[in-house]
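Below is one structure, written out as structure tokens; the observations come after it.
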Amino acid sequence: MSHIYDVVIIGAGPAGCAVAHNLYRQGIKNFLLVDKSKFPREKICGGVLFLETQKFLKEMGLLNEVKARSYEVKRNYNITPYGTILKVRNGNSQDPEFLVLRRKIFDQILLNYIKRLKIPVKENMHIRGLWENNSTIRGVISREGEYIGAKIIVVATGVNSSRFYLKRRHYFQAIGYTGQFENTKFMKNTCYTIYDKDFLPLYGWMVPEADDLVNIGVGLEQPMFSQDKIKKYFERLCSVHFKPYLHEARLVGIARGFPLRYTYRIKDIVDRNILYVGEAGGIVNPVTGEGISQALISGKLAAHAISSFLSNNEQAELTNYEKMVRRRYHTFPWMRLVKSFMNHKLNWRIIETFQGKEGKLPL
Ligand SMILES: Cc1cc2nc3c(=O)[nH]c(=O)nc-3n(C[C@H](O)[C@H](O)[C@H](O)COP(=O)(O)OP(=O)(O)OC[C@H]3O[C@@H](n4cnc5c(N)ncnc54)[C@H](O)[C@@H]3O)c2cc1C
């Protein structure tokens, strides 16, 4: 080890790429972005890109490229535990509610952009852990035993980040079990969210990825899920809720589950010279499970804090990252209440009254 980087970013998903992009914009050049995978790599995700994500992409100059590869969802039907379809907010609008893009493509677009900026990127580099010496974090160690020195370490490794935490922490966990289907009979440009009483406070979904390809999945919260239960609910979603649309459908590949971590109270996302961004810091919407825009935004805030730290060498500048993220997501603690409200089937009658009904799902 000879070179010491200002920053090493572990993980080149949305969070890591957002840090890299914003460090570059702040004029910082002495940093490295590493990922254990060779891109394009798959990531189990709905691939829903909400407005916040699109705003961020516009800032990066990537919105048109992403739009050109995405599928537009114009209607999102929410179905209550009573089978009622809630009134659609922008029912008559031709503007998309959101875009959908497979993460394999989305993350590749982000990383290609980073490479175009000539930012040093190392793929296929699995980071084994932090390099600690005399109670000081000096950098990271790769699986091959390479020591990479850095003043600041950014952990952007998503859900499996435990090895990079200096102290024990508690995150809430959910699991999403999803599969892709072709040859279905769903309406085009339409998404369904199913609030079945067994899935509450989470939901089942059908998100279209193309005219002839949809992603169907179900999310359950810990401690409700077991591998058997989630598979059973996924099968029920397909054979009961979506039965009319799946008569001649084919499952593409296999259905698979993947965990998701979140917190209502963002804390410990700065620890000494380590910053945790995106899902590694539990920065995921606790109600919807949306994590892409949170990864991008927390990545940007981390880069701002790092840039100030490198100019002033004041630890307070790094600590400020946590304050900024908390301010940005000040509604997270309240989401516990929202979720406990949604968890009771009867409360959905109140939601039906206030939002209005559009009809019934043909079961
Ligand atoms: C089933 C499911 C559906 C979802 N649907 C949506 C959705 O529709 N919209 C939405 O906004 N969010 C969704 N999410 C949440 C979203 O996928 C995540 O919150 C988001 O990917 C977090 O981004 P990230 O950059 O923090 O982490 P990740 O995207 O997980 O990226 C982490 C990166 O770190 C790398 N890495 C990990 N460990 C190491 C290591 N030791 N060394 C080097 N590299 C490493 C990985 O290879 C990976 O590239 C969903 C999640 C699940 C589980």
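Overview of values
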quantity	calculated
Ellipticity estimate at 222 nm from DSSP helix runs (n ≥ 4, -39,500 (n - 2.57)) divided over the chain, nearest 500	-9000 deg cm²/dmol
When each of Lys167/Lys232; Lys188/Lys360; Lys55/Lys345; Lys188/Lys357 is checked by Cα-Cα distance, pairs over 27 Å	Lys167/Lys232; Lys55/Lys345
For the chain, Kirkwood radius (reciprocal of mean inverse C-alpha pair distance, Å)	21.5
For region 1-45: rounded, prolate or oblate by the Cα gyration tensor [a/c cutoff 1.5]	oblate
Dipole magnitude (debye, nearest 20) for region 299-358, charges at Cβ of Lys, Arg, Asp, Glu	320
Among His126, Trp348, Thr136 the positive-end extreme of the charge dipole of the chain (Cβ point charges)	Trp348
Likely footprinting exposure, Arg116, Arg128, Arg236, Arg163, fewest C-beta neighbours within 10 Å first	Arg116, Arg163, Arg128, Arg236
GNM flexibility winner over the chain from Cys238, Cys17, Cys45 (Cα, springs under 10 Å)	Cys238
Rough spin-label spacing in nm, given labels placed 7 Å along Cα→Cβ, for Glu59 and Glu352	4.1
Exposed-site-free run, longest, the chain (rule: GluC sites (Glu not before Pro); DSSP loop; at most 10 other C-beta within 10 Å)	1-143
Local electrostatic count, Thr80, Cβ distance below 15 Å [Lys/Arg +1, Asp/Glu -1]	+2
Local electrostatic count, Arg250, Cβ distance below 11 Å [Lys/Arg +1, Asp/Glu -1]	-3
Relative contact order %, the chain, counting alpha carbon pairs below 8 Å whose residues are six or more apart	23
Computed E for Lys115/Met187 - FRET, C-beta separation, R0 35 angstrom, nearest 0.05	0.35
Charged-residue dipole, Cβ positions (Lys, Arg, Asp, Glu), region 1-148 about Cα centre, Debye nearest 20	320
Where labels lie 7 Å past Cα in the beta-carbon direction, separation of Ser239 and Leu166 in nm	5.2
Cβ-based net charge around Arg138, under 14 Å, with every Lys or Arg adding one and every Asp or Glu removing one	-1
Set of lysines near Lys58 by C-alpha distance (under 24 Å), chain-local residues within fewer than 8 positions excluded	Lys29, Lys43, Lys67, Lys74, Lys104, Lys115, Lys118, Lys300
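We did not get these values from a lab; they are worked out from the coordinates using the rules stated. Being a predicted model, the structure only gives us computed values, none of them experimental. Cβ sites come from the backbone with ideal geometry, for glycine too, and all protein chains shown count toward neighbours.
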